[in-house]
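Following this message is one structure expressed as structure tokens.
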Amino acid sequence: MNAAKQQNVLAGQSSLARKVFRVVPIQERWSAHDIFNSLVAAEATAAQFPAVRRGLGELKEAGLIREPVNGHFQRTAITTKSPREQGMSIETQPAVMTIKKTDASALDTLAVLSGEVISFAEEVGQRMKKLAARIEEVALSVEAERETNAEALDKFKLLQSLLKGG
């Protein structure tokens, strides 16, 4: 996998998977717990271990990382040039590269924009969930306060009736 393809594939991943990818080492293999501990130490995410493990699975399925030993992960190596490009003559290579750059840059831009939209949508979704949780907490506290007020009102009416009757 070359660097441009890696960036395209990475742009399509979730924000957590991208954060996990930044921590996965290239030269050595780390266990999932080591990767999780590194994320926590860097304060890169507040995600729990199962979510990080799921991110590792997504990255493995996308071909961005590999699992050479069960439970240990490592980034896949980036190839600089394909064997086909190495075999081309020097005269033909610049023309082909120019054509590829325009197509690839447009595709790269689209992939980056797509990644940003996905990331933004995830952030909005997370904020909506947090707001919904806060609204639910406030609603529960209002309900508890209403019940307390209803009980106090019953006691007040009882006291009032006792005072009138006495």
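By how many nm would the segment from Thr76 to Ala51 grow when fully extended, if each residue of separation counts as 0.36 nm and the alpha-carbon distance is taken off? Display every interim value, and only then the final one.
On the way: separation 25, 0.36 × 25 = 9.00 nm, distance 2.12 nm.
Fully extending the segment from Thr76 to Ala51 adds 6.9 nm.
Points 7 angstrom from Cα along the Cβ direction at Asp154 and Val124: gap in nanometres?
Placing both labels 7 Å along Cα→Cβ, they lie 4.6 nm apart.
Moving on to the next point. For segment 13-74, which GluC sites (Glu not before Pro) are in a loop by DSSP, counting at most 14 other Cβ atoms within 10 Å? Walk me through the intermediate numbers first.
Working: sites: Glu28, Glu43, Glu58, Glu61; in loops: Glu28, Glu43.
Loop-located and lightly packed - Glu28, Glu43.
Could you check the simple spin-label distance between Glu43 and Glu147, using points 7 Å along Cα→Cβ, in nm with one decimal?
Taking the two extended label points, one gets 3.9 nm.
Pop the C-beta distance of Arg134 and Asn2 into the FRET formula with R0 = 35 Å and round what comes out to the nearest 0.05. List each step's numbers first, then the result.
Working: r = 45 Å, r/R0 = 1.29.
So, using R0 = 35 Å, E works out to roughly 0.20.
Near Val40, within a Cβ-to-Cβ distance under 12 Å, what is the net charge of the other residues, with Lys and Arg +1 and Asp and Glu -1? List each step's numbers first, then the result.
Working: positive: Lys19; negative: Asp34, Glu43.
Once positives and negatives cancel, what remains is -1.
Then there is this: Cut-off under 13 Å on the C-alpha distance; same-chain residues fewer than 8 positions from Lys19 excluded. Which aspartates and glutamates are left, in chain and number order?
Qualifying aspartates and glutamates at Cα under 13 Å: Glu43, Glu58.
We did not get these values from a lab; they are worked out from the coordinates using the rules stated. These figures come from a predicted structure and were not determined experimentally. Please note: Cβ atoms are built from the backbone with ideal geometry, for glycine as well, and neighbour counts cover all protein chains shown.
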